[in-house]
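The values are calculated or read from the model by the stated rules, or taken from the named source; none is laboratory data. Every value quoted in this text rests on a predicted model; they were computed, and no experiment measured them. Cβ: placed from backbone, ideal geometry, glycine included. Neighbour counts: every protein chain shown. When the accessible area is computed, the model is the full protein with side chains, heavy atoms only, and any ligands, DNA or RNA have been set aside. Shrake-Rupley method; radii C 1.70, N 1.55, O 1.52, S 1.80 Å.
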Amino acid sequence: MSFTKDLIWGLAVPLLAAAGLRLILALLSDWLFARSAKDELSDTERLPPKQVLAWETCLPLALGAGLGYYFLNLGPWLPKTQYDWIAATIGLTVLVTTVLGFLGRHWTVRFLVLPMVYGATIVTVGYVLMPSWPDLWPDYWTYLVCWCIGVWILAVMLDNSREIDSWPFAIVLMGTSLAVSGIAFRSGSMRFAQITGLAFAVLLGLTLLGLVLRRPLLRGLGLSMMVFLAGMLLIAQTNSFSSVPFVCYWLPLAGPLFSLVAGHFLPSSRFPKLHAVCVILAAAIPSTGAVLMAIVATMPE
């Protein structure tokens, strides 16, 4: 019964809810864009390509993960401890990205406004999630600064890259979510693993519908997904008494970074198959290594 419940509320419902809301928002966006664009064009001019805004992926993430979080009773909506703030912080990132999405993709937004707003958001999230225990290792400020810088770099790179629109990178993010969930489980918390698993379910729903509609798959999810995954790794590590090595909590996040670098040096237009393989493997290797190390370290002697 428990397994069936987890499968329904932890996978099926987030997947279907995210896909359903994305379909509604995609149709609404196309209708609004077509109306506004048509009013500005003459009868002989063609409509420009359809725009895909961040709300099309961010709001479904909030809905799908929120439903799973609620029905699986994974935590309170009003935080009682530091790690209970994860739901509120994801909501904050969804709000920030949705609002920025309506500002367009002008270079001033992409390279000035977005980095500054993302930086402020990530510092806020890090401050809320980071415990201030005296025996925290690394020490509080070192941990907080490194965590914030790492998440900021990944979030800005992802939301300024076209790689996140493609199916190979969708596989990268889904695989990274599964790796983070596995590490959270090996660290001793099924609850943290279930919360992270919600990200996989939502990503799968958004990707499948994006493929059907032939739209950019995960555009706008860089900030929310990096805060989600990095936040859960931070929570799992600081609340674990297991023997999982510290490096296991950082390696999965190296995957998306390596994939972006691999995709940059192997253009998909010239080497589509090689590009896809390299992008996926670049993330799969560190994520798989992290999970295997966590498994070996926590095996009974």
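The table for this structure:
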| read-out | value |
| --- | --- |
| Solvent exposure ordering (accessible area, 1.4 Å, most first) of His275, His264, His106 | His264, His106, His275 |
| Along the chain, longest interval not containing exposed chymotrypsin sites (Phe, Trp or Tyr not before Pro), exposed being DSSP loop plus at most 14 other Cβ atoms within 10 Å | 103-240 |
| Per-residue ³J(HN,Hα) for segment 88-94, Karplus 6.51 cos²θ - 1.76 cosθ + 1.60, θ = phi - 60°, Hz, x for Gly and Pro | 5, 5, 5, x, 5, 5, 4 |
| Separation of alpha-carbon centers, segment 50-83 and segment 203-275, rounded to whole Å | 18 |
| Between helix 251-265 and the chain: long-axis angle, C-alpha atoms, 0 to 90°, nearest 10 | 30 |
| Total formal charge among the other residues, if their Cβ is under 14 angstrom from that of Pro76, Lys/Arg +1 and Asp/Glu -1 | +1 |
| Solvent-accessible area of Val247 with every protein chain in place, 1.4 Å probe, in Å² to the nearest 10 | 70 |
| Phi to ³J(HN,Hα) by Karplus 6.51 cos²θ - 1.76 cosθ + 1.60 over segment 226-243, Hz, x for Gly, Pro | 5, 5, 4, 6, 5, x, 5, 5, 4, 5, 4, 6, 6, 10, 10, 10, 7, 9 |
| Charge-dipole axis of the chain as Lys and Arg at +1 and Asp and Glu at -1 on Cβ define it, positive-most pick from Val261, Thr4, Leu209 | Leu209 |
| Asp135 - accessible surface, heavy atoms, 1.4 Å probe, Å² rounded to 10 | 120 |
| Accessible area (Å², per residue) of the chain, counting only protein heavy atoms and a probe of 1.4 Å | 50 |
| Computed accessible area, Ile86, all protein chains, 1.4 angstrom probe, square angstrom | 10 |
| Per-residue ³J(HN,Hα) for segment 275-285, Karplus 6.51 cos²θ - 1.76 cosθ + 1.60, θ = phi - 60°, Hz, x for Gly and Pro | 4, 4, 4, 5, 4, 6, 5, 4, 8, 5, 5 |
